[in-house]
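Okay, structure first, notes after.
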């Protein structure tokens, strides 16, 4: 997988070097290569990375625990994060 990633990065750089604003075919090829790299990176994420992404973007508790006190985050981790089902999935 890492060889594919290295090849993809090299390919994108090569396309960028040949890209001009008037050549729409090359611009499309560059866009598609960047899109494929993004999809590939999402596929190769570890379970821990996926759990962290879910926590960072979808968890409702950071807002609920944001009361302005210094211990808000510690309380949230103790009361919610430590018993979160996502923790079971990444074990």
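Only the coordinates and a few stated rules stand behind these numbers; no lab work does. Computed from a prediction, not measured in an experiment: that's the story for all the values here. So basically every Cβ, Gly included, is an ideal-geometry build from the backbone, and we count neighbours across all protein chains shown.
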For this session: Report the Stokes-Einstein translational diffusion coefficient (µm² s⁻¹, integer) for the stretch 2-43, Rh taken as the Kirkwood radius over Cα pairs, at 10 °C with viscosity 1.306 mPa s.
Result: 150 µm²/s
Seminar exercise, completed: For the chain, using Cα atoms only, the Rg and Dmax in Å read 20.4, 57
Exercise. For the stretch 2-60 and the stretch 74-90, what is the separation of their C-alpha centers, rounded to whole Å?
Worked result: 31 Å
Exercise. Quick one: helix 24-43 against the long Cα principal axis of the chain, what's the angle to the nearest 10°, folded into 0 to 90?
Worked result: 30 degrees
For this session: Take 20, 44 and order them by how many other Cβ atoms sit within 10 Å, fewest up front.
Result: 20, 44
